[in-house]
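A.B. asks: Once you've had a glance at the structure underneath, I'll fire off some questions.
The values are calculated or read from the model by the stated rules, or taken from the named source; none is laboratory data. Quick caveat, the model's predicted, so the values are computed rather than measured. Glycine gets a Cβ as well: all are built from the backbone with ideal geometry, and neighbour counts include every protein chain shown.
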Amino acid sequence: MTEPASPAPSPFCVTLDDVRAAARTIEGRVQKTPMLPAPRLSALTGANVFVKYENMQSTGSFKERGALNRLSQLTPGERRRGVVTMSAGNHAQAVAYHAGLLGIPATIVMPATTPLVKVENTRSYGAAVVLDGETLYEARERCEALRAERDLVLVHPYDDPAVIAGQGTIALEMLAERPDLDMLVIPIGGGGLCAGNAISAKALKPAIRIIGVEAALYPSFVNAIQGLDRPIGGPTLAEGIAVKTVGSLTLPIVRDLVEDILLVDEPAIERGVNCFATLARSMAEGAGAAGLAALLAEPERFKGLKVGLILCGGNIDARLLAAIMVRSLEREERIASFRITTADRPGLLGAIASRLGELGANILEVSHGRLFLDVPAKGVSIDVTVETRGEEHTRQVLEALAADGLAPKRIDRRSV
């Protein structure tokens, strides 16, 4: 009797068995986050959207999965020596948090430009934080030096088989709940999240389609896979996926299993963050909203499909989120600014305020100036910012003021 042939070895550093083993390792130690239908996002994009809320992890991102899986594989000797990593945010917090729970000394190298709140969060979990360099690349150099000097174990943010396998547990949970998903849309930075979930999803359901999403300012995988030389760098809202160098382990996985990689610009990422906040009632950082940004940017590509989104992180500064929401209102013409230049007279400001109230506009801000040289000596310039019901209401308000002889001129904040 002929023995059955053994399965061909995997061409990748991670297999479905590795991901399943990671799931057993982290079970009960990280949140099994909810995956919920998002009807308002579905109506907006034309796809049938389901969101996996990884922003509900204890440290606010998916990074806990890979970090815990890697830390759990350390030998007793390695645990005593401790670990080191470099990160500007989510990976730093995940390693610090779970190393603290496991009693493992952790040193985190962060760029000196890292926001103070992220530094303090990482320290609060018991890790030693070293601030060095202006960029993550420079922090990586210090990380390598510390590893060699102190004989520490590196917990790489994405280019490590155990980390990749840990991140891949997300797709196991998603497909267990929604085996009918047609597609996963996954943010890509260094590639650990996308690679791990491509491995598990394609093994469980070969027909499922995987789309990656990069910030347009950081097209690292697009360059690597398509042989391009697009410029890389710049300030992005999606700093969590702002990676200049792709992983050597993640690249072949993404190249072979990911159907396409979409680039999303900053306005689309902003819109994604705002839509999660206002339509899904959930906080998303820029990287966490990248998948939704892709659906908003190219709705025809996803129309009618059952799409799984990973809201991979929610660590966004509250002031930044507030600014994004206000900017979105301005883009939708629900906040409008205009200038009135006219003869100065007693009661003018009160009359304008009363008129705007009659028109149903809510005054947010008023600037009253008499000393500008482009204003007549007996004149006054009044800048008003109002909240309206939308573009049509804004037009009606301005037309009514013009009919009153006030000649309002729009102030376009986007040009300032």
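A.B. asks: How many residues does segment 81-128 contain that are surrounded by 24 or more Cβ atoms within 10 Å (Cβ to Cβ) and over 20 Å from residue 163 (Cβ atoms)?
C.D. replies: Of the residues in segment 81-128, 0 are surrounded by 24 or more Cβ atoms within 10 Å (Cβ to Cβ) and over 20 Å from residue 163 (Cβ atoms).
A.B. asks: Can you name every residue in segment 277-296 that is without any contact (Cβ under 8 Å) to a residue 60 or more places away in the chain and in a helix (DSSP H, G or I)?
C.D. replies: Listed by number, the residues that qualify are 277, 278.
A.B. asks: Here's something else I'd like to know. Residue check: is residue 234 over 22 Å from residue 168 (Cα atoms), surrounded by fewer than 24 Cβ atoms within 10 Å (Cβ to Cβ) and either within 11 Å of the chain's Cα centre (by Cα) or modelled with pLDDT under 95 (or both)? Can you show your working first?
C.D. replies: Values: over 22 Å from residue 168 (Cα atoms): yes; surrounded by fewer than 24 Cβ atoms within 10 Å (Cβ to Cβ): yes; either within 11 Å of the chain's Cα centre (by Cα) or modelled with pLDDT under 95 (or both): yes.
For residue 234, the condition - over 22 Å from residue 168 (Cα atoms), surrounded by fewer than 24 Cβ atoms within 10 Å (Cβ to Cβ) and either within 11 Å of the chain's Cα centre (by Cα) or modelled with pLDDT under 95 (or both) - is met.
A.B. asks: Also, I was wondering about something else. Considering each of 51, 30, 19 in turn, give the residue that is of a type in the set (A, V, I, L, M) and assigned to a helix (DSSP H, G or I).
C.D. replies: Within the list 51, 30, 19, the selection yields 19.
A.B. asks: Give just the number: which of (1) closer than 28 Å to residue 252 by Cβ; (2) in contact with a Phe, Trp or Tyr (Cβ under 7 Å, 6 or more places away or on another chain) does residue 97 not satisfy?
C.D. replies: So the condition that residue 97 fails would be (1).
A.B. asks: Filter segment 262-282 for residues that are in contact with a strand residue (DSSP E or B) (Cβ under 9 Å, 6 or more places away or on another chain) and more than 14 Å from residue 238 (Cβ to Cβ) and give the result. Quick ask: steps written out before the conclusion?
C.D. replies: Quick first cut of segment 262-282, residues in contact with a strand residue (DSSP E or B) (Cβ under 9 Å, 6 or more places away or on another chain) only: 262-266, 269, 272, 276, 280, 282.
280, 282 - these are the residues of segment 262-282 that are in contact with a strand residue (DSSP E or B) (Cβ under 9 Å, 6 or more places away or on another chain) and more than 14 Å from residue 238 (Cβ to Cβ).
A.B. asks: Here's a follow-up. Is it true that some residue in segment 134-141 is surrounded by 19 or more Cβ atoms within 10 Å (Cβ to Cβ) and touching an Asp or Glu at 6+ places or on another chain (Cβ under 8 Å)? If you could, list the steps in order and put the result at the bottom.
C.D. replies: Here is the first cut: in segment 134-141, the residues surrounded by 19 or more Cβ atoms within 10 Å (Cβ to Cβ) are 136, 139-140.
Checking the rest, the ones that are also touching an Asp or Glu at 6+ places or on another chain (Cβ under 8 Å) come to 139.
Yes, the conditions are met somewhere in segment 134-141.
A.B. asks: Let me ask you something else. So which pairs qualify, if the first residue must be in segment 68-80 and farther than 23 Å from residue 168 by Cα, the second must be in a loop (DSSP other than H, G, I, E, B) and not hydroxyl-bearing (Ser, Thr, Tyr), the Cβ gap must be under 6 Å, and the two must be at least 6 apart or on different chains?
C.D. replies: Partner pairs satisfying both residue conditions: 79/104.
A.B. asks: Related question: Got at least one residue in segment 303-315 being among the aliphatic types (A, V, I, L, M), modelled with pLDDT of 95 or more, in the same structural domain as residue 179 (by TED's automatic domain parsing) and more than 20 Å from the chain's Cα centre (by Cα)? Steps first, answer last, please.
C.D. replies: Going through segment 303-315, the residues among the aliphatic types (A, V, I, L, M) turn out to be 305, 307, 309-311.
If we keep only those that are modelled with pLDDT of 95 or more as well, we get 305, 307, 309-311.
Subset that is in the same structural domain as residue 179 (by TED's automatic domain parsing): 305, 307, 309-311.
Adding the requirement that they be more than 20 Å from the chain's Cα centre (by Cα) leaves 305.
Yes: segment 303-315 contains one or more residues that are among the aliphatic types (A, V, I, L, M), modelled with pLDDT of 95 or more, in the same structural domain as residue 179 (by TED's automatic domain parsing) and more than 20 Å from the chain's Cα centre (by Cα).
A.B. asks: Could you check segment 71-110 and list, in sequence order, the residues that are assigned to a loop (DSSP other than H, G, I, E, B), within 25 Å of the chain's Cα centre (by Cα) and of a type in the set (A, V, I, L, M, F, W, C)? Talk me through it step by step, then tell me what you get.
C.D. replies: Taking segment 71-110 first, the residues assigned to a loop (DSSP other than H, G, I, E, B) are 73-75, 82, 87-89, 103-105.
The next check asks that each one be within 25 Å of the chain's Cα centre (by Cα); those that pass are 87-89.
88, the sole residue that qualifies.
A.B. asks: Would you point out which residue out of 256, 229 is of a type outside the set (A, V, I, L, M) and not in a loop (DSSP other than H, G, I, E, B)? Give the steps one after another, and end with the answer.
C.D. replies: On the way: 229 fails: not in a loop (DSSP other than H, G, I, E, B).
After ruling out the rest, the residue left standing is 256.
A.B. asks: Then there's this: In segment 55-70, is there at least one residue being outside the structural domain of residue 150 (by TED's automatic domain parsing), on the phi < 0 side of the Ramachandran plot, part of a helix (DSSP H, G or I) and touching a Cys at 6+ places or on another chain (Cβ under 6 Å)?
C.D. replies: So far as segment 55-70 goes, no, none of its residues is outside the structural domain of residue 150 (by TED's automatic domain parsing), on the phi < 0 side of the Ramachandran plot, part of a helix (DSSP H, G or I) and touching a Cys at 6+ places or on another chain (Cβ under 6 Å).
A.B. asks: Mind checking whether some residue in segment 72-93 is at pLDDT 95 or above, among the acidic types (Asp, Glu) and closer than 19 Å to residue 191 by Cα?
C.D. replies: no
A.B. asks: Which of (1) within 29 Å of residue 166 (Cα to Cα); (2) more than 31 Å from the chain's Cα centre (by Cα) does residue 283 not meet, given it meets every other one?
C.D. replies: Going through (1) within 29 Å of residue 166 (Cα to Cα); (2) more than 31 Å from the chain's Cα centre (by Cα) one by one, residue 283 breaks only (2).
A.B. asks: While we're on this one: Cβ-Cβ under 9 Å, sequence separation 6+ or interchain: first residue in segment 164-192 and under 16 Å from residue 241 (Cβ atoms), partner of a type in the set (D, E, K, R) and assigned to a helix (DSSP H, G or I). Which pairs?
C.D. replies: Note: pairs meeting the criteria are 164/18; 167/63; 167/65; 170/54; 170/65; 192/63.
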